[in-house]
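The values are calculated or read from the model by the stated rules, or taken from the named source; none is laboratory data. Here the structure is a predicted model, which is why all the values come from computation and not from measurement. Cβ: placed from backbone, ideal geometry, glycine included. Neighbour counts: every protein chain shown. We work out accessible area using only protein heavy atoms, side chains counted, and drop any ligands, DNA or RNA first. Shrake-Rupley method; radii C 1.70, N 1.55, O 1.52, S 1.80 Å.
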Amino acid sequence: MSPITYISTRGEAPELGFEDALLAGLARDGGLYLPKTWPTLSKSELEAVPGQSFAEVAADTVARFAGPKGLARKEILKLAEAAYARFGHPATTPLVEIDRNLWVLELFHGPTLAFKDVAMQLLARLMDEVLTRRGERATIVGATSGDTGGAAIEAFRGSSRVDCIILFPDGRVSDVQRRMMTTARESNVHAVAVDGTFDDCQALVKAMFNDLAFRDRVCLAGVNSINWARIVAQISYYLVAATALGAPYRPVSFAVPTGNFGDIFAGFVARTMGLPVETLAIATNDNDILRRAHADGAYEVKGVSATNSPSMDIQISSNFERYLYEASDRDATWVRGRMGELQQSGQFRLGEKVQARMQRDFAAASASQAEVAATVRRVREQSGYLLDPHTACGVVAAEKTLPAGRTPRVVLATAHPAKFPDAVEAIVGERPPLPPRLHALLTDKERISVLPNDLAAVKGFVADRATAVRG
Ligand SMILES: *Cc1c(COP(=O)(O)O)cnc(C)c1O
């Protein structure tokens, strides 16, 4: 086994090892990191998955991507066991059958009730370990429209090596989402309410990363969905679910509620490594740039419309760049050109070859808000199972694109219904209760910093809190 190195989708950043890619997040040329070669999964490796704990599968997966010179499997396993001990279900990501051969893969048993915990809990521990070994620290700055911020603060609270600062749009996240960020008592995590929108928060974070002097001075690191290690952690549950349902002896199909294309890209990687996946269905809500690109070959930005599945309300899908790189046979020049066009004019064409490839690699369907509501109600009547609206988009897409038959259909359940109580109540007329282990959240004291939508003010705040400052 040769060491795995990581290359940027834009071809102009230095090649890195796994640990540096883990700490870097975005490449310095603006691209995203991918392994130079894909590790593969043999039939006997897949046969060994059922019966392993989730932590064991995750440790094996990360070890494959870390390579023989990276963190040892034994070390990774310790971190994975600690990460998944924080989940409220002994199976970590259980499967539930809601219709004949239609399964829901529950990814929401982590501390913030959404699938982002699966990757973030492990990522935080991997980062801590690498930084400890190097005697370094890092400052994480992120923007959130709701789910990512809570998952990051929950994962990094108490870290001895990382200061974590999360910007969120003041008054525009739900009470539960805000409390998941503001009730952590540890002094290394900070929730910052910015007087602006999510796009303003994201622009502030981008500006800090683009200021290379500032970035280096406070050792900025990113944990948004473009961080490669998050995608690696997410591959684990595709392996667990598919092998539980018959892989490697029979294929399985997945429908994936999609925003930034991170979660579904993990499924694409699992298939690239050798997992028999028949169909991978991209599920979007009304913000359907991916479905349109799949159908028409035009990747074209439109305004965001607010839906009852807010974590999928995106304008562009940042991880789609990774797929474009693969689908163009790793043509960094082509990717750079298209990303330039996107920035200039808000659109580009996939071209015949890449579009045809996308149609072979994925199915795609979008779910209107009315379809989401009807599906939540129908599934509840038929099986007693309560879907959250994001997961319901996945069920709608599964029913539109995956034939009911012998191939198991798995919908990734990305959030617990209690995480979006207003949306669920509007659909079924009842408020889903928070799991008891989260009750304290509703009364714990909050700690919030409020800042104007002003780069100098936010930079000052970050510099003051960052204990990682270099010389
Ligand atoms: C983040 C999120 C998504 C979208 O996931 P991507 O990896 O960005 O495609 C879907 N559902 C929920 C509940 C989320 O929090």
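Values for this structure:
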read-out	value
Selection count, the stretch 224-241, where residues are farther than 14 Å from LEU126 by Cβ and assigned to a loop (DSSP other than H, G, I, E, B)	3
Residues within the stretch 46-85 that are of a type outside the set (A, V, I, L, M, F, W, C), in a loop (DSSP other than H, G, I, E, B) and at pLDDT 95 or above, tallied	3
Candidates ILE231, ILE264, filtered to the one that is within 10 Å of the ligand (Cβ to nearest atom), over 20 Å from ALA363 (Cβ atoms), surrounded by 24 or more Cβ atoms within 10 Å (Cβ to Cβ) and at pLDDT 95 or above	ILE231
Unique match (being in contact with a Pro (Cβ under 8 Å, 6 or more places away or on another chain) and either assigned to a strand (DSSP E or B) or over 27 Å from SER236 (Cβ atoms) (or both)) among ALA295, ALA283, ALA370	ALA283
VAL410 in contact with a strand residue (DSSP E or B) (Cβ under 7 Å, 6 or more places away or on another chain) and either over 30 Å from ILE264 (Cβ atoms) or in contact (Cβ under 8 Å) with a residue 12 or more places away in the chain (or both)	yes
Answer from ARG322, ARG291, ARG250 - the residue that is open to solvent by 10 Å² or more (accessible area, probe 1.4 Å), basic (Lys, Arg) and within 15 Å of the ligand (Cβ to nearest atom)	ARG291
Selection within the stretch 429-447 - open to solvent by less than 90 Å² (accessible area, probe 1.4 Å) and either part of a loop (DSSP other than H, G, I, E, B) or over 21 Å from GLY146 (Cβ atoms) (or both)	GLY429, PRO432, LEU434, PRO435, ASP444, GLU446
Residues within the stretch 128-150 that are without any contact (Cβ under 8 Å) to a residue 60 or more places away in the chain and more than 18 Å from ILE448 (Cβ to Cβ), tallied	6
Search result, residues across the stretch 373-424 that are away from the ligand (no atom under 15 Å from the Cβ), open to solvent by 20 Å² or more (accessible area, probe 1.4 Å), among the aliphatic types (A, V, I, L, M) and not in a helix (DSSP H, G or I)	ALA404
Tally, over the stretch 318-334, of residues that are of a type outside the set (Phe, Trp, Tyr), assigned to a helix (DSSP H, G or I) and closer than 20 Å to GLY259 by Cα	5
Residues that are open to solvent by less than 10 Å² (accessible area, probe 1.4 Å) and part of a helix (DSSP H, G or I), drawn from the stretch 267-280	GLY267, VAL269, ALA270, MET273
Filter result for SER383 (modelled with pLDDT of 95 or more and either farther than 26 Å from ALA327 by Cα or out of contact with any helix residue (DSSP H, G or I) (no Cβ under 9 Å at 6 or more places or on another chain) (or both))	yes
Filter pass, ALA255 being within 11 Å of the ligand (Cβ to nearest atom), at pLDDT 95 or above, part of a strand (DSSP E or B) and farther than 24 Å from ARG10 by Cα	no
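For (1) within 16 Å of the ligand (Cβ to nearest atom); (2) assigned to a helix (DSSP H, G or I), each residue gets a yes or a no:
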residue	(1), (2)
MET127	no, yes
THR148	yes, yes
ALA151	yes, yes
GLY158	no, no
